[in-house]
Every structure is written in structure tokens, then in C-alpha cells.
Amino acid sequence: MRLLLVEDDERVAAALVAVLGRHGFQVRHARSGHEALDALVPDGNEPYRVVLLDLGLPDRDGFEVCSRIRAHSGVPVIMVTARADVRSRIHGLNLGADDYITKPYDMGELLARIHAVVRRWPATGTGSESGDQSARPGPLESRGISIDRERRRVSVDGRDVPLTRKEFDLLALLAQSPGVVYRREQIFSEVWRSGWEGNGRTLEVHVGSLRNKLGLPGLVEAVRGVGYRLIAEQPAQADPATPESGR
């Protein structure tokens, strides 16, 4: 998942790029408002799914950048800034920002807010075409998985796979952003509607059951100390062994 980070502080940006990268994001760092707006011009690549926008930029105010983004695109914008006053929050949200978080912040909370705005914005291009939601191949097709969220049905290579309610909700959550790591706390908040503390074994059991029922042991990957992510790409097949000669 591509993410545009607009931040002029190199130390702050470097830390964010490192953490976001570990959670499966492909981050482009823009150091100014001009660079951010230039990065959002469609170029045939996968569109950005979210913009993290600092307000104190060297060439123009972040509010102006947000206004210009919103004039051409529906990509989610999260303002990440030291401006904690209510008037700035209101102004940013009125300009079209999807969320507003103040520094210093908890990294887990920032990741949760990123996932929240991404879920509300369909990945269908720049986000400006509100009326065109034409279907396109899903990211799980290479694994033969089909998820029907309306009827809550899952199939693998055309074979229906019966899942429990929580197993389905867990798979549907991870499938929203394949490759992105979902923290344990976030999974429990959204699937179980409860806190993570003391429930680690429950999550492990459900992940194991999901792998077994789907017949894809490598589909859900555990990221030690963080959470889980879904691996959508079919694992590369090993090259067949070259026959030995001269025997």
C-alpha cells in the first residue's frame, strides 16, 4: 500500500518511514507542499491510499496543501501536526482532512487511524471519481480466494470454505490491505470488540484454524511482537532441480 508522507523534519520523517515500512507501507517522503502536490499527479503507478500531512511546511501552509489536494482528489488526508488548538482542528477538518492527530502521538494510534481512513476509501484510482466503482481483480485472485462480504461466504479455487463468524471477520479485515501488518490490539478492537490484554491465545487459535480451513498455511503471516498480515501473492515456485550429469 502506497503512502505519501509530507514532513519537512528529516528526523521525524526517517523514524516514520522506518516504522511504516515495517508495517507493509511503501512510503514516499515529500519535504514541501510543492513536492507533495507534484507527487499526487497521476503517473500510471498505483495511487496513494493515504497522505500524512504536516502543517508547518517550508514553502506553504499545510492547510493550503490540503485544500489543493481536495480540489482534485479524494485520497484520505490525515493531518499530523503540533497544532493542538481546537480552531486548527476544525479548520483542517472543514478543508476536507479525514482525520487530525497532534504531536506527540502514539504510533499504534496513528497506525489505527491510517487503517480506519483507508477502509472508508475504496482503492479505485485517485479517489476523485465518486460515481465509478467498477469492479477490478481483487488482490487475492492469485491465491484463488474469493470473499463475498455481503453473503459472508469464502471460497478457494471455487470450493466453499465454511468459516465461523470470527474467522470470517478476521480474514475480511486482513484482506482489506494485503501486506499491511495489523496490530493485535487493532484486530481485537475490530473483530472481537474488546481489548487485547489476556486474549493472545484466542487470536492464535483463530489464525491457525483459518490457515487450516483455507488450506493455505502461508496466507496469514505472524509478525513477531506486532501482529499479523495477509500474504496475497502466490509464493514463487522453486526451480526444478537440474539433473545431475556425468554419472
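Just to be sure, is residue 226 in contact with a helix residue (DSSP H, G or I) (Cβ under 9 Å, 6 or more places away or on another chain), modelled with pLDDT under 90 and closer than 30 Å to residue 19 by Cβ? Yes.
Meeting the requirement of 1 or more residues that are modelled with pLDDT under 90, the strands (runs of 3 or more DSSP E) wholly within the range 50-153 are 145-148. Among the residues of the range 67-74, is there at least one that is under 21 Å from residue 120 (Cβ atoms) and touching an Asp or Glu at 6+ places or on another chain (Cβ under 9 Å)? The answer is yes, given that some residue of the range 67-74 is under 21 Å from residue 120 (Cβ atoms) and touching an Asp or Glu at 6+ places or on another chain (Cβ under 9 Å). The set of residues from the range 1-23 being under 15 Å from residue 229 (Cβ atoms), open to solvent by 10 Å² or more (accessible area, probe 1.4 Å) and in a helix (DSSP H, G or I) comprises 19, 21, 22.
The set of residues in the range 29-47 that are within 21 Å of residue 180 (Cβ to Cβ) and modelled with pLDDT under 95 comprises 39, 40, 45, 46, 47. Residue-level check: of (1) over 19 Å from the mean Cα position of the chain (by Cα); (2) open to solvent by 80 Å² or more (accessible area, probe 1.4 Å), residue 61 misses just (2). Within the range 196-209, the residues that satisfy the criterion of being exposed (fewer than 14 other Cβ atoms within 10 Å of the Cβ) and modelled with pLDDT of 65 or more are 200, 201, 204, 205, 208. Sub-6 Å Cβ pairs linking a first residue in the range 151-171 that is farther than 12 Å from residue 211 by Cα to a second residue that is open to solvent by 40 Å² or more (accessible area, probe 1.4 Å) and in a strand (DSSP E or B), at least 6 apart or interchain, are 155/146, ordered by first then second residue.
Taking only the range 64-80 into account, find how many residues are surrounded by fewer than 18 Cβ atoms within 10 Å (Cβ to Cβ) and either more than 16 Å from residue 47 (Cβ to Cβ) or touching a strand residue (DSSP E or B) at 6+ places or on another chain (Cβ under 6 Å) (or both). Let's see the steps before the verdict.
So the first thing to find is which residues in the range 64-80 are surrounded by fewer than 18 Cβ atoms within 10 Å (Cβ to Cβ), and the list is 64, 67-68, 70-72.
From the residues that got through so far, the ones that are either more than 16 Å from residue 47 (Cβ to Cβ) or touching a strand residue (DSSP E or B) at 6+ places or on another chain (Cβ under 6 Å) (or both) too are 64, 67-68, 71.
Of the residues in the range 64-80, 4 are surrounded by fewer than 18 Cβ atoms within 10 Å (Cβ to Cβ) and either more than 16 Å from residue 47 (Cβ to Cβ) or touching a strand residue (DSSP E or B) at 6+ places or on another chain (Cβ under 6 Å) (or both).
The values are calculated or read from the model by the stated rules, or taken from the named source; none is laboratory data. None of these values were measured; they are calculated from a predicted model. Cβ atoms come from the backbone with ideal geometry, glycine included; neighbour counts cover every protein chain shown. SASA here: full protein model, heavy atoms, side chains in, ligands and nucleic acids out. Shrake-Rupley method; radii C 1.70, N 1.55, O 1.52, S 1.80 Å.
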